[in-house]
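Take a look at the structure set out below.
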Amino acid sequence: MTHIRPHIPLRAGAAVAVVAGLLLGTAACSAEEPAAPVAKAPAGGASPKPAETPAATPAPPAELPGLGPRTRATIGAEVQQVVLVTGEGKDSNRSRVRLYERHPDLGWRPAADEWAGRNGHKGWAERHVRGDLRTPVGTYRLTDAGGRLANPGTALPYDRNRGILYTARGTNFENKPKAGALDYIVAINYNRITGRPPYDFSRPMGAARGGGIWFHVSHHGGTEGCVGLPRGQMKELLRKLKPGAKPVTVMGPAESLAR
C-alpha cells in the first residue's frame, strides 16, 4: 500500500526565511579564515622545550709568551711565579722583563708591567764562563735577596750589608757610574748554593763557570752577566716575589726561549 506524504503548505514568509538562512550560512563559512593548526603535545602531556644553545668551550690556560716546549719543560709544576727575561738577540744587552703568576684556571697572567732590562754587555751564553760578559741562558730559582739598603718589603730572606760587599764602584762599559747598583739584589741561582746570601762565593760547578749573577739596580748599561732593572721596578720585584710561590727566572734571547 503506497503511503502518501501529506503536503504541508508553507506560508510565504516562512519559506523566504528558510531560504535566506541557508544563503547566509553558506556566505559566513566561506568568509572565515582557516583555523590555525594546533601543535600536538609530546607524549605524556609535557610542553615542547626550546632548543638548547651549546655551551661555549672554555679557553685553554694561557702559556708564558714566547716559550717553546723545551723551555716550558724546565719550569716545574710547583712554580707559581716566573720572571721572564727576553733578550733582543744573542749579542744584545737589552731585554724585556716581566713577572708572571700562574692561576689554577686561567694559566699564566702578568703580575706587573713590562720593564726594560739590561743584561750581559756582550749578550747571552748557552754555557756561561767567568769573564765572558754574557748572561747565562736558562731557568733558575730565586730564593735569596739582599743589598746595601734596608729591606724594601720582600718576603725573601734579605741580607743587608752597608759595607763593601754591596758597594758598586767605578763605571760601566758605557762610562756611566755604577754607584747604587747593588742597593737591592735578588740572587739568581746560577752556580750558587741556595739559602746563602747573594755575596756568598761558593761555586758548585767550579770557579771557571762564573757566578754572582743577580737582578740588581740598573746602571744604564750592559752588565758583567747580571740583569739590571730600574730602581723602582727592582723594588717592586722584591715586594712581589713570594717564597711559597717557588719563583724562578726564565731568561735568554728570544730565539733560545722559543725552542
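The values are calculated or read from the model by the stated rules, or taken from the named source; none is laboratory data. Remember, it's a predicted structure, so these values are computed and weren't measured experimentally. Reconstructed Cβ throughout: ideal geometry from the backbone, glycine too, with neighbour counts over all protein chains shown. Areas reflect the complete protein model, heavy atoms only, side chains present, ligands, DNA and RNA absent. Shrake-Rupley method; radii C 1.70, N 1.55, O 1.52, S 1.80 Å.
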Name the residue, out of Leu106, Leu64, that is modelled with pLDDT of 95 or more and of a type in the set (A, V, I, L, M, F, W, C).
Leu64
Name the strands (runs of 3 or more DSSP E) wholly within the range 110-223 that hold at least 3 residues that are open to solvent by 30 Å² or more (accessible area, probe 1.4 Å) and over 23 Å from Leu257 (Cα atoms)?
158-160
Only one residue in Arg109, Arg102, Arg148, Arg94 is of a type outside the set (Ser, Thr, Tyr), under 13 Å from Val227 (Cβ atoms) and out of contact with any Cys (no Cβ under 7 Å at 6 or more places or on another chain), so which one is that?
Arg94
Which residues, counting only those in the range 62-83, are out of contact with any helix residue (DSSP H, G or I) (no Cβ under 8 Å at 6 or more places or on another chain) and either open to solvent by 10 Å² or more (accessible area, probe 1.4 Å) or of a type in the set (Lys, Arg) (or both)?
Ala62, Pro65, Pro69, Arg70, Arg72, Ala73, Thr74, Ile75, Gly76, Ala77, Glu78
So in the range 224-259, with the set limited to residues that are out of contact with any Gly (no Cβ under 6 Å at 6 or more places or on another chain) and assigned to a loop (DSSP other than H, G, I, E, B), which one is farthest from Ala112 (Cα to Cα)?
Glu224
Note on Tyr190: of the conditions (1) of a type in the set (Phe, Trp, Tyr); (2) touching a helix residue (DSSP H, G or I) at 6+ places or on another chain (Cβ under 6 Å); (3) in contact (Cβ under 8 Å) with a residue 60 or more places away in the chain, unmet is (2)
Which ones in the range 70-83 are touching a residue at least 40 places away in the same chain (Cβ under 8 Å) and farther than 15 Å from Glu255 by Cβ?
Thr74, Ile75, Gly76, Glu78, Val79, Gln80, Gln81, Val82, Val83
Restricting to the range 73-89, what's the tally of residues that are assigned to a strand (DSSP E or B) and either hydrophobic (A, V, I, L, M, F, W, C) or farther than 23 Å from Arg118 by Cα (or both)?
4
Residue check, Pro247 against (1) of a type outside the set (D, E, K, R); (2) within 23 Å of Gly123 (Cα to Cα); (3) crowded, with 21+ Cβ neighbours inside 10 Å, all met but one. Which one?
(2)
